[in-house]
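Bear in mind that the values in this text are calculations on the coordinates, not laboratory data. All of these numbers come straight from a predicted model, not from anything done at the bench. No Cβ is skipped: glycine too gets one built from the backbone with ideal geometry, and neighbour counts run over all protein chains shown.
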Amino acid sequence: MIIIPARLASTRFPQKVLADIGGLPMVVRTAKAVAHLDRVVVAADDEKIITICKEFGVEAMLTSTTHKSGTDRINECANILNLADDEIIVNVQADEPFIEPEVVELLMKKLQNLQSKNEPFIMGSCYNAINADAANDPNLVKVVLDSENNAIYFSRSLIPYNRSGRATYFGHIGIYGFSKKSLKEFCALSDAPIEDIEGLEQLRAIHHQKKITMLKVTSTGFGIDTKEDLARAVEIFL
């Protein structure tokens with residue numbers, strides 16, 4: 001199951017999920033990129049998104065306007081859909097129109113493998129290697145890993161600090177996967193102070209000592225965080 005949380009009133013870039021990219025609204029282009037993998041539902045906070053999605057044949061449903069995070073939004077959607085506790089749910093961000101389907105598919109398989117091992121908490125995401133210039137961009141979230149490829153920390157800052165001159169940087173790719181049971185558990189956790197400081201909801205899991213399994217992938221896709229990103233995306237389809 002793939003659920004795409006879509007919020008109309010984005011703080012930094014209002015209505016960006018409806019921005020035109022090569023003749024398709026951003027959220028629609030994102031949904032269609034992964035539609036062949038599994039059922040896709042857009043979880044929206046505004047009827048305008050619902051209407052536009054339906055015009056393009058994308059399933060969408062209305063969720064609360066008060067959710068703090070996209071993960072809380074997909075949890076409501078999963079509850080409305082009455083999904084089973086063992087359903088694997090992948091959260092693909094609405095502003096990721098260039099997400100490679102093979103990346104989503106690899107994450108699904110990784111989470112299914114964890115589920116077969118009866119892991120108590122199933123949450124995963126993806127990362128790739130990035131250069132130092134990219135690592136300095138606060139819009140690109142970095143991740144530091146432990147020896148088993150679980151996330152230790154995520155930050156918009158440059159991490160790790162390159163005192164030795166030998167640092168390797170990993171960029172977080174903004175998709176998340178959960179079992180339905182673990183998604184519910186995550187959303188029931190109390191907010192973490194560091195989550196609000198960094199503006200990164202995944203830090204809630206780390207704060208509460210929950211494992212986030214990280215999968216290394218090759219990806220050239222990029223999220224649309226700024227109007228400059230949008231201009232770059234539009235150029236690709238010219």
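With +1 on each Lys and Arg Cβ and -1 on each Asp and Glu Cβ, and nothing else charged, work out how big the dipole of the chain is about its Cα centre, in Debye to the nearest 20.
Value, rounded to 20: 360 debye.
Pop the C-beta distance of Leu158 and Glu59 into the FRET formula with R0 = 41 Å and round what comes out to the nearest 0.05.
The value I calculate is 0.55.
Fewest Cβ neighbours within 10 Å first, please rank Met26, Met214, Met108 accordingly.
Going from sparsest to densest Cβ surroundings: Met108, Met26, Met214.
Can you match mean projected area of the Cα convex hull in nm² to one of these, (i) 16.3; (ii) 12.7; (iii) 11.4, based on a calculation from the structure here?
Label (ii) holds the value from this structure.
What shape does segment 1-75 take by its C-alpha gyration tensor, where a ≥ b ≥ c are the square roots of the eigenvalues and a/c under 1.5 counts as rounded, a/b above b/c as prolate, and the rest as oblate?
oblate
Which Cα, out of Ala31, Gln209, Ala9, lies furthest along the positive dipole direction of the chain (beta carbon charges, K/R +1, D/E -1)?
Final value for the positive-end residue is Gln209.
Farthest toward the dipole's positive end in the chain, which of Asn82, Gly22, Gly199, given Cβ charges of +1 (Lys, Arg) and -1 (Asp, Glu) about the Cα centre?
Farthest towards the positive end: Gly199.
Could you tell me which of rounded, prolate or oblate describes segment 28-111, using a ≥ b ≥ c as the square roots of the eigenvalues of the alpha-carbon gyration tensor, with rounded for a/c under 1.5 and, failing that, prolate when a/b is larger than b/c and oblate otherwise?
It is oblate, given that a/c is not under 1.5 and a/b is not larger than b/c.
Please arrange Ile74, Ile88 by counting, for each residue, the other beta carbons lying within 10 Å of its beta carbon, fewest first.
Final ranking by Cβ density, sparse to dense: Ile88, Ile74.
Express in nm, to one decimal, how much length is gained between Lys184 and Arg232 on full extension, taking 0.36 nm for each residue of separation and deducting their alpha carbon distance.
13.6 nm
Report the one residue of Leu145, Gln115, Ser190 whose Cα lies farthest in the direction of the positive end of the charge dipole of the chain (charges on C-beta: Lys and Arg +1, Asp and Glu -1; origin at the Cα centre).
Checked the options; the winner is Leu145.
Could you tell me the distance between the Cα centroids of segment 84-153 and segment 1-78, to the nearest Å?
20 Å
Across segment 125-136, in residue order, what do the Karplus-derived ³J(HN,Hα) couplings come to in whole Hz, using 6.51 cos²θ - 1.76 cosθ + 1.60 with θ = phi - 60° and x for Gly and Pro?
8, 10, 8, 9, 6, 10, 8, 5, 4, 5, 5, 7
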